[in-house]
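The values are calculated or read from the model by the stated rules, or taken from the named source; none is laboratory data. Just so it is clear, the structure is predicted and the values come from calculations on it, not from any experiment. Positions of Cβ are backbone-derived with ideal geometry, glycine not excepted, and every protein chain shown enters the neighbour counts. These area figures cover heavy atoms from the full protein model, side chains too; ligands, DNA and RNA do not enter into them. Shrake-Rupley method; radii C 1.70, N 1.55, O 1.52, S 1.80 Å.
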Amino acid sequence: DKDIEREVRNISHLSLLKTGDVVSLDNYNNESARIVNYLRNHGYAAFNNSYIAPLQADSADYKVDIQLEILLPADSSFHKIYTVGKVEVYTDFEALDSIVVVDSIPPIYNPKDSIVYLSEVEKNNIHFFSANWKNALNLEDLVREIKLRPGQEYNLSLENQTNINLNSLGVFRFFSI
């Protein structure tokens, strides 16, 4: 994959595998993890350790030549770059509820009902769905804490930061991104 090769070459000067250093499986695994993390922060959401071949080394005269091979996906000749699609935030429901989105004011929220009627509000390209806007969180606060935006290249660090930010609010029993 020429795009992956270009990305890895761009960061090769930061490699943890240096000429003259002792070779160890730990160093190789740390370098693999560094590459995976870099690629996941630059759009390659599906890239993981399974795309990096096991350590291959050729030793002669107590010197080792290491080859780090990046494998292609089984179903393609290149790795895909992903962008963030629509960002939606749902409040006021349990995981097993049935959700119905309405264009008008939803019926009064009943926590014992397994059907939740939600209405939508959009702020800064983030779509918020709630059954009870009177008791909803401050949307500006939520927008500030959500680091993922529609159209941006996928970035694992931004997903992790969003997880940390939402968890630190202490208002959600559970959430998933």
Scanning region 130-177 for residues that are of a type in the set (A, V, I, L, M), touching a helix residue (DSSP H, G or I) at 6+ places or on another chain (Cβ under 8 Å) and free of Cβ contacts under 8 Å to residues at least 40 places away in the same chain gives L166, L169, I177
Pairing a residue in region 77-91 that is in contact (Cβ under 8 Å) with a residue 60 or more places away in the chain and under 18 Å from F175 (Cβ atoms) with any residue that is open to solvent by 90 Å² or more (accessible area, probe 1.4 Å) and not in a strand (DSSP E or B), where Cβ atoms lie under 8 Å and the two sit 6 or more apart in sequence or on different chains, gives none
Taking region 154-177 and keeping residues surrounded by 15 or more Cβ atoms within 10 Å (Cβ to Cβ), in a helix (DSSP H, G or I) and hydroxyl-bearing (S, T, Y) leaves T162
From the option list I115, I126, I146, single residue qualifying as modelled with pLDDT of 85 or more and either over 15 Å from the mean Cα position of the chain (by Cα) or of a type in the set (K, R) (or both) is I126
Result of the Cβ filter at 7 Å on region 112-129, keeping first residues that are closer than 14 Å to E140 by Cβ and partners that are part of a strand (DSSP E or B) and open to solvent by less than 10 Å² (accessible area, probe 1.4 Å), at least 6 apart or interchain, is V121/F128
Some residue of region 48-57 being more than 23 Å from the chain's Cα centre (by Cα) and on the phi > 0 side of the Ramachandran plot
no
